[in-house]
Amino acid sequence: MRYVENPPNPWLTHSVEWIGEPPAARIEVFEETETRSIISSNDSPDVAFDHSINCYRGCTHGCTYCFSRPTHEYLGYGAGTDFERKIIAKVRAPELLRKELMKPSWRGDEIVFSFTSDPYIPLEANYKLTRRCLEVCAEFRNPVGIVTKSALIRRDVDVLQKLSAEASVGVYFSIPFADYATARAVEPFAPSPNARFEAMKTLADAGIQVGIGIAPTIPGLSTDIPGLLQRAKDCGATKAFLNMLRLPGSVAPYFEQRLREKLPTKADRVLNRIRDARGGRLNSSVFGERMRGRGQYWEAQHKLFEVYSKRLGFNEHRAGSERHTRANTFRRPTAQGSLFG
């Protein structure tokens, strides 16, 4: 079977003639104005949080393994290159967030940015949707969690410091590979691992709690877990987590295609190890198993992560820590308006 950039329409026939390298693809941006809500909730045992906000649909980082790719199919797009080239900006996100936080039913639970798209894709430099939502959270003193691959987050140090002082905020940088060549092969347009570590240190030096997510770990490619944890520690990280690769639906063939194109000598070994960790398949859709694997190779990686995390002091709750003793900080402001003007 031959896989292409986006799964083809089975009702159409076509022929292909090689005429050379195609021109650089144009990014298309669509502004979504009819969104009715912005906080998404889940009850999945695989996800460590209950509420999230996605200011964008699609992600220009182009990570070949991204489990969110099939969400683009709901919009009539493809899960392949469409996911990284057709981006939807939810331009009403900040005002919707304010409206939802004002509801009596909202109790101030932690909100995570983001789940299906990086909150700091390059378009954020222009739209500032993530920043404006963080400003709303700071105004309401609502706890926040952030997962990102982007160094752009350094722009928002002032908002994050406000959240850290009056509520709580934790920033995790997703860094599954230490090697630049490997990262570029499967995360082609994401900032380099070095850039992510430098951003981590910048935030830590500013007094913001930071952590590392070795996520996803890809059997056969994620080979330096101790080194990643040590460097994160040196950059001020105090938290760490490990997640197994997920390849739901159309993601599996797209990932395999890109893997064979960019890392042809490693592809078969990587795919075989993924199958070994997934009971002979490339993916598991069983609740409770989607973010972890099985088998000897996975168990060895997980054990290595646990040993080095403990050795380096990650995920320890310090006695008397303000973060773990502070009462619910959420409150609705008596006067509207942004604290950041």
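The values are calculated or read from the model by the stated rules, or taken from the named source; none is laboratory data. Everything numeric in this text was worked out from a predicted model, so none of it was measured. So basically every Cβ, Gly included, is an ideal-geometry build from the backbone, and we count neighbours across all protein chains shown.
Tabulated values for the structure
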read-out: Options Leu96, Leu134; residue that is within 16 Å of Asn54 (Cβ to Cβ) and surrounded by fewer than 21 Cβ atoms within 10 Å (Cβ to Cβ); value: Leu96
read-out: Scope the range 282-332; condition loosely packed, with under 14 Cβ neighbours inside 10 Å, modelled with pLDDT under 90 and over 25 Å from the mean Cα position of the chain (by Cα); matching residues; value: Gln296, Arg318, Ala319, Gly320, Ser321, Glu322, Thr325, Arg326, Ala327
read-out: Of all residues making up the range 28-65, the number that are surrounded by fewer than 18 Cβ atoms within 10 Å (Cβ to Cβ), touching a residue at least 40 places away in the same chain (Cβ under 8 Å), part of a strand (DSSP E or B) and among the small types (Gly, Ala, Ser); value: 1
read-out: Gln257 of a type in the set (S, T, N, Q), over 20 Å from the mean Cα position of the chain (by Cα), modelled with pLDDT under 90 and not in a loop (DSSP other than H, G, I, E, B); value: no
read-out: Residue match in the range 156-165 (condition: in contact with a Lys or Arg (Cβ under 7 Å, 6 or more places away or on another chain), buried (at least 17 other Cβ atoms within 10 Å of the Cβ) and modelled with pLDDT of 95 or more); value: yes
read-out: Test: residue in the range 91-114 that is part of a loop (DSSP other than H, G, I, E, B), closer than 16 Å to Ala151 by Cα and among the acidic types (Asp, Glu); value: no
read-out: Breaking point among (1) in a helix (DSSP H, G or I); (2) polar (S, T, N, Q); (3) surrounded by 21 or more Cβ atoms within 10 Å (Cβ to Cβ), for Ser117; value: (1)
read-out: Exclusive hit being buried (at least 21 other Cβ atoms within 10 Å of the Cβ) and in contact (Cβ under 8 Å) with a residue 24 or more places away in the chain, set Ala178, Ala185, Ala199, Ala195; value: Ala199
read-out: Within the range 266-310, considering residues that are aliphatic (A, V, I, L, M) and in a loop (DSSP other than H, G, I, E, B), the one farthest from Met244 (Cα to Cα); value: Val286
read-out: Top-ranked residue of the range 128-145 - restricted to ones that are assigned to a helix (DSSP H, G or I) and charged (D, E, K, R), ranked as farthest from the chain's Cα centre (by Cα); value: Glu139
read-out: Verdict on Asn283 being touching a residue at least 24 places away in the same chain (Cβ under 8 Å) and polar (S, T, N, Q); value: yes
read-out: Filter result for Pro248 (crowded, with 21+ Cβ neighbours inside 10 Å, within 20 Å of the chain's Cα centre (by Cα), under 22 Å from Glu187 (Cα atoms) and not hydrophobic (A, V, I, L, M, F, W, C)); value: no
read-out: Some residue of the range 260-271 being of a type in the set (Asp, Glu), under 25 Å from Gly78 (Cα atoms) and touching a residue at least 12 places away in the same chain (Cβ under 8 Å); value: no
